[in-house]
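The values are calculated or read from the model by the stated rules, or taken from the named source; none is laboratory data. Because the structure is predicted, anything quoted here is derived from the model rather than measured. In this analysis, Cβ positions are derived from the backbone assuming ideal geometry, glycine residues included, and neighbour counts consider all displayed protein chains.
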Amino acid sequence: MTGFIGEYHCKLDAKGRLSLPADMRKQLSPDDADSFVISRGVDDCLSLYTMSEWDRVMEKLRSLNRFKAKDRKFARMFQKGATKLSLDSSGRLLFPKALMGWAGIQKDIVLVANVDLWEVWDKKRYEELLDSDWEEFEGLAAEVMGDGDDE
């Protein structure tokens, strides 16, 4: 997998189900087309992983030292609420209510590709984040992606 791309504005139905956008589905490998894990993201969003990516993340967690308090705490917090999801016969994912509440997700959401996972944002929170982050983007781009040359 080379990574996901795209930003999709979607609506959840009354039961909290999402119909995966067709373009998003086209980016999934056949092995990852119907099973996912959703969990709390590191920001105020949810992270939607394919099963193969979740397996890679779990391998990293397995390498942590469980005798170190910060490693145990991170693993516990990272996995808290993580839920396996499968597409139903209509191609929808049912999001857990507890995770939706934690992320402030209502009906209107934005799915944002973030390299190897999808971030699931409440539309209003995402727009607020984008507005505030965009002011810093030029400096952040130079710091993170720059080649280190000072001009």
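What about SER39, is it under 24 Å from GLN106 (Cβ atoms), crowded, with 19+ Cβ neighbours inside 10 Å and in contact with a Gly (Cβ under 8 Å, 6 or more places away or on another chain)? Yes. If you check LYS84, LYS80 for being touching a strand residue (DSSP E or B) at 6+ places or on another chain (Cβ under 9 Å), touching a residue at least 12 places away in the same chain (Cβ under 8 Å) and farther than 26 Å from LEU129 by Cβ, only one passes: LYS84. For the stretch 60-99, residues that are small (Gly, Ala, Ser) and within 19 Å of ASP122 (Cα to Cα) total 3. Only a single item in (1) in contact with a helix residue (DSSP H, G or I) (Cβ under 9 Å, 6 or more places away or on another chain); (2) surrounded by fewer than 11 Cβ atoms within 10 Å (Cβ to Cβ) is not met by GLY81, and it is number (2).
If you take the residues in the stretch 1-26 that are in contact (Cβ under 8 Å) with a residue 60 or more places away in the chain and under 22 Å from MET58 (Cβ atoms), which one is surrounded by the fewest Cβ atoms within 10 Å (Cβ to Cβ)? That would be GLY3. Filtered by the rule that a residue be modelled with pLDDT under 95 and more than 21 Å from TRP54 (Cα to Cα), the stretch 68-106 gives SER89, SER90, GLN106. Summed over the stretch 29-61, the residues that are in a helix (DSSP H, G or I), farther than 16 Å from LEU85 by Cβ and in contact with a helix residue (DSSP H, G or I) (Cβ under 8 Å, 6 or more places away or on another chain) give a count of 1.
Which residues, counting only those in the stretch 1-28, are part of a loop (DSSP other than H, G, I, E, B) and hydroxyl-bearing (Ser, Thr, Tyr)? THR2 - this is the single residue of the stretch 1-28 that is part of a loop (DSSP other than H, G, I, E, B) and hydroxyl-bearing (Ser, Thr, Tyr). Does at least one position in the stretch 64-75 carry a residue that is in contact with a Leu (Cβ under 6 Å, 6 or more places away or on another chain) and either assigned to a helix (DSSP H, G or I) or not charged (D, E, K, R) (or both)? Yes, there is a match, as at least one residue in the stretch 64-75 is in contact with a Leu (Cβ under 6 Å, 6 or more places away or on another chain) and either assigned to a helix (DSSP H, G or I) or not charged (D, E, K, R) (or both). If the condition is being on the phi < 0 side of the Ramachandran plot and under 14 Å from the mean Cα position of the chain (by Cα), then the stretch 1-17 contributes PHE4, ILE5, GLU7, TYR8. Of the strands (runs of 3 or more DSSP E) lying entirely inside the stretch 87-147, not one is found with 3 or more residues being more than 27 Å from ARG25 (Cβ to Cβ) and of a type in the set (S, T, N, Q).
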